[in-house]
Each structure stands twice: as C-alpha cells, then as structure tokens.
Amino acid sequence: MAGDGCQLYLITPPRPEIKSFADSLARALDAGEVAAVQLRLKDADDDTIRRAIDALRPIVQSRNVAFLLNDRPDIARATNCDGAHVGQEDMNAAAARKILGGKLTLGVTCHASRDLAMQAGEDGADYVAFGAFFPSTTKDAALGVETDILTWWSEMMELPCVAIGGITAQNCAPLVQAGADFLAVSNAVWGFEGGEAAGVREMLRAIEAAQG
C-alpha cells in the first residue's frame with residue numbers, strides 16, 4: 001500500500017450482491033489507481049464472507065491492489081487476503097497481528113484518539129485510520145474528528161494514516177492537505193451518480209487538485 005502522495009482506498013458497500021458487485025469492482029479498479037480494497041461485510045456469517053472473498057479477491061489482486069478484510073484476521077489469513085482491518089470493538093491490534101503473522105497488512109481504527117493510534121503502532125499496525133470526519137451513509141461513527149490529528153500524525157510518525165468517514169470529492173481537500181496518506185471512501189464511488197468508474201476518476205482528480 002505504500003506510495004507517494006495521497007492514495008485512494010475503497011471500502012465495499014455493506015451488503016453488496018456479490019455477482020453484480022464483482023463487475024462494479026472491476027470497473028472501478030480499471031478507472032484509475034487504487035491502493036487497497038477493504039471487504040466490509042458486517043454481520044455476515046463465515047460462509048458468506050468466504051464466498052465473497054473467493055469472488056472478489058482475484059479481481060483486486062490481479063490488478064496489484066491490496067485486498068483487505070474487515071474484522072476477521074483469521075479468515076483473512078486463511079483465504080490469502082493481503083491483510084485485515086480491525087476496529088476498537090473487534091479485536092485489539094496485538095491479537096490481530098499475532099493471527100496475521102509478520103507479513104500481512106494490519107490496519108486499525110483509532111477514531112480521534114492519538115493514544116489509540118500510538119498504541120496501535122506499538123502493537124504492530126501497518127496503518128492507522130482516523131475518522132469519521134464527515135457524516136457517513138455507510139457506517140455509524142462518532143463525528144467531530146479534526147483534521148489537525150492528520151497533521152500531527154504525519155509530522156510525528158512514519159506509519160501511514162487513513163482518513164475515513166463521509167469523504168467525497170467535494171470535501172476531501174482539507175484531509176489531503178492535512179497529511180492523510182489514504183482516503184477511504186465507499187458511497188463516494190459506489191453511490192456516484194455517474195457510476196463507480198466515474199466516481200473513482202472524480203476522487204482521483206480531487207486528490208490531485210488538493211496536492212496542487
């Protein structure tokens with residue numbers, strides 16, 4: 001996931017119809033450079049998660065994009081995902097790192113907490129995620145995160161940071177300029193009026209413009 005400048009990080013819709021979404025995902029990834037895709041299937045059983053991984057992982061990895069699984073580092077490792085992302089309510093970072101081993105990517109949600117982010121780094125996270133910065137249609141999350149946490153982190157730490165929560169092409173510039181290494185988006189692409197490919201292109205244009 002490493003790269004120069006701010007990069008795009010896609011999160012899947014919470015309950016996609018996998019067969020049709022596979023085509024949407026391919027179109028999105030072919031529209032422009034994406035660093036990672038996180039499969040996020042809240043409240044899904046293990047069989048559903050595994051079937052989704054089998055359908056979507058090859059699409060993502062064949063394009064040299066990281067494929068990450070939300071919540072379940074155990075399934076991520078067993079199904080050849082590139083890593084996992086865990087929230088504070090899911091599993092602590094140290095336990096997730098132990099399951100994933102040393103090579104797979106680990107991301108950790110840290111909300112607006114500098115302490116949680118520093119602890120995640122100590123516990124083996126490969127990136128930390130801050131947010132929500134804006135109201136989100138896909139995830140319930142506390143608002144009120146200020147962009148200065150991105151600046152503080154990027155100036156103090158080498159570990160990459162992800163900004164998440166209601167991010168669109170229209171509101172992302174302050175996050176990019178504050179130091180976000182990645183912008184995690186869902187509805188800004190999958191719900192984009194012109195389609196997912198146009199949504200990716202719109203986000204990439206906004207990131208480029210914000211970087212100046």
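Rule-based calculations on the coordinates, nothing more; no lab input. Only a predicted model underlies this, so the values are computations on that prediction, with no experimental measurement involved. Note that we place each Cβ from the backbone using ideal geometry, even for glycine, and neighbour counts take in every protein chain shown.
What does the charge count around I149 come to, taking other residues whose C-beta lies under 12 Å from its C-beta (Lys +1, Arg +1, Asp -1, Glu -1)? Kindly include the intermediate steps, with their values, before the conclusion.
Working: positive: R114; negative: D115, E146, D148, E155.
Counting the neighbours of I149, the net charge comes to -3.
Largest mean-square fluctuation among G166, G194, G179, in a Gaussian network model of the chain whose springs join Cα atoms under 10 Å apart, belongs to G194. In this Cβ point-charge picture (+1 for Lys and Arg, -1 for Asp and Glu), the chain has a dipole of about 480 debye about its Cα centre. Would you please state which residues of segment 33-56 a label at K19 would reach in this model, taking the label point 7 Å out along Cα→Cβ and a backbone N cut-off of under 18 Å? Answer for segment 33-56: 48-56.
Using only DSSP helix segments of four residues or longer, with each worth -39500 (n - 2.57), what per-residue ellipticity at 222 nm results for the chain after dividing by its residue count and rounding to 500?
Working: 9 runs with 87 residues, N = 212.
Calculated at 222 nm, the ellipticity per residue is -12000 deg cm²/dmol.
Taking K and R as +1 and D and E as -1, what net charge do the other residues with C-beta under 15 Å from the C-beta of L8 add up to? Residues near L8 contribute -3 overall.
With distances taken between every two different alpha-carbon atoms, segment 7-211 has a Kirkwood hydrodynamic radius of 16.8 Å. Residues considered: L25, L159, L183. Largest GNM mean-square fluctuation over the chain, using C-alpha springs under 10 Å, is found at L159. Once the chain from D43 to S113 is taken as fully extended at 0.36 nm per residue, the excess over their C-alpha distance is 22.6 nm. As a calculated quantity, the FRET efficiency between E158 and K98 at R0 = 30 Å, using C-beta atoms, amounts to about 0.85.
Calculated FRET efficiency, D54 and E89, Cβ-Cβ r, R0 35 Å, to nearest 0.05? It comes to 0.85.
Spatially close Lys pairs in the chain, defined by Cα atoms under 24 Å apart and a spacing of eight or more places or different chains, total 4. Within segment 37-67, list the residues whose amide N lies under 18 Å from a label point set 7 Å along Cα→Cβ of A78. Of the residues in segment 37-67, 39-57 have backbone N under 18 Å from the label point off A78.
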